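Please read the structure below before turning to the comments.
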Amino acid sequence: MDFFETVRNRYSARRYSGGPVPEQDLRRMLEAAVRAPNATNDQPWHFVVIRENAVKQSMRDVVAAVLDAAVHAASDPARKERLSRMRAYSIHFAEAPAAIALLARPWAGGSGAEPDSTARELGLESASMAAAHLLLAATALGYGGCFASAPAEFARAELEAVLGVEQPWFLVGIISLGVPRGPRSRIAPRKPLEEVCTFIG
């Protein structure tokens, strides 16, 4: 498929057929990821490819435990409901044939020994563009995928411990990959260009 067809066909797939993703295809996706634009070509990203079921289950258990504790502790009914709904979005990666933990580090172009918030943001932005490239490559190869930031939002420290992540690296999110199970249920609506774009000149 051509590029624009690939963009139109990409969606967040969270259920997979269970068939493996061959290493050759994973490498093609990762090659696309590392071609992404990034701050001063610093390439502040790292990809941890997880195919071992036991590791994925350990990660799922960690996230579920943190979320369950947060739901139990929440006194506001609306927050309790939101956290309960986030469970499926946060642990679906464990059922995917492959999961990729996306790591970033602060941009190395900063001036001080202690990275400031701008350096951290530039690392995060660069890694996010790499994730977009990877998901488009997955679509072009006939796979489905989903980037989930929720695991890092709720259980970053715990997941970093499971994966052995050391500073200055930090977890951005987890990308699940596989052959989608069943047809695409719906097309997520997008706002019209007139609402989200401004042309000057």
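The values are calculated or read from the model by the stated rules, or taken from the named source; none is laboratory data. On a predicted model such as this, the values are computed, not experimentally measured, just so you know. Ideal geometry is used to build each Cβ from the backbone, glycine not excepted, and the neighbour counts take in all protein chains shown.
Give the residue, chosen from Ala101, Ala138, Ala131, that is over 12 Å from the mean Cα position of the chain (by Cα), under 29 Å from Gly19 (Cα atoms), modelled with pLDDT of 95 or more and not hydroxyl-bearing (Ser, Thr, Tyr).
Numbers: Ala101 fails: over 12 Å from the mean Cα position of the chain (by Cα); Ala131 fails: over 12 Å from the mean Cα position of the chain (by Cα).
Every option except Ala138 fails the conditions.
Residues checked against (1) more than 27 Å from Leu26 (Cβ to Cβ); (2) in contact with a Lys or Arg (Cβ under 6 Å, 6 or more places away or on another chain); (3) in contact (Cβ under 8 Å) with a residue 24 or more places away in the chain:
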{"residue": "Gly123", "(1), (2), (3)": "no, yes, yes"}
{"residue": "Ala127", "(1), (2), (3)": "no, no, yes"}
{"residue": "Leu141", "(1), (2), (3)": "no, no, yes"}
{"residue": "Ala148", "(1), (2), (3)": "no, no, yes"}
{"residue": "Ala152", "(1), (2), (3)": "no, no, no"}
{"residue": "Val162", "(1), (2), (3)": "no, no, yes"}
{"residue": "Pro180", "(1), (2), (3)": "no, no, yes"}
{"residue": "Pro192", "(1), (2), (3)": "yes, no, no"}
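Which one is modelled with the highest pLDDT, of the residues in the range 104-128 that are of a type in the set (A, V, I, L, M, F, W, C) and more than 10 Å from the chain's Cα centre (by Cα)?
So in the range 104-128, the residues of a type in the set (A, V, I, L, M, F, W, C) come out as 104, 107-108, 113, 119, 122, 124, 127.
Filter once more, so that each one left must be more than 10 Å from the chain's Cα centre (by Cα): 104, 107-108, 113, 119, 122, 124.
Values: Ala104: 98, Trp107: 93, Ala108: 89, Ala113: 56, Ala119: 92, Leu122: 94, Leu124: 95.
Step by step, filter the range 104-128, then rank; the result is Ala104.
Against the definition (surrounded by 13 or more Cβ atoms within 10 Å (Cβ to Cβ), within 18 Å of Gly123 (Cα to Cα), over 17 Å from the mean Cα position of the chain (by Cα) and of a type in the set (A, V, I, L, M, F, W, C)), how does Ala39 come out, yes or no? Even if it seems obvious, please write down each step before you answer.
Working: surrounded by 13 or more Cβ atoms within 10 Å (Cβ to Cβ): yes; within 18 Å of Gly123 (Cα to Cα): yes; over 17 Å from the mean Cα position of the chain (by Cα): yes; of a type in the set (A, V, I, L, M, F, W, C): yes.
Taking the combined requirement at face value, the residue satisfies it.
Can you name the residue in the range 169-184 that is in a loop (DSSP other than H, G, I, E, B) and either modelled with pLDDT of 95 or more or under 21 Å from the mean Cα position of the chain (by Cα) (or both) and, of all such residues, is surrounded by the most Cβ atoms within 10 Å (Cβ to Cβ)? Please lay out each step first, then the result.
Let us first name the residues in the range 169-184 that are in a loop (DSSP other than H, G, I, E, B), namely 169, 179, 181-184.
Subsequent filtering for residues that are either modelled with pLDDT of 95 or more or under 21 Å from the mean Cα position of the chain (by Cα) (or both) retains 169, 179, 181, 184.
Values: Trp169: 18, Val179: 16, Arg181: 14, Arg184: 11.
Here the answer is Trp169.
Sort out which residues of the range 119-160 are closer than 16 Å to Trp45 by Cα and hydroxyl-bearing (Ser, Thr, Tyr), and write them in order of number.
Matches in the range 119-160: Ser126, Ser128, Ser149.
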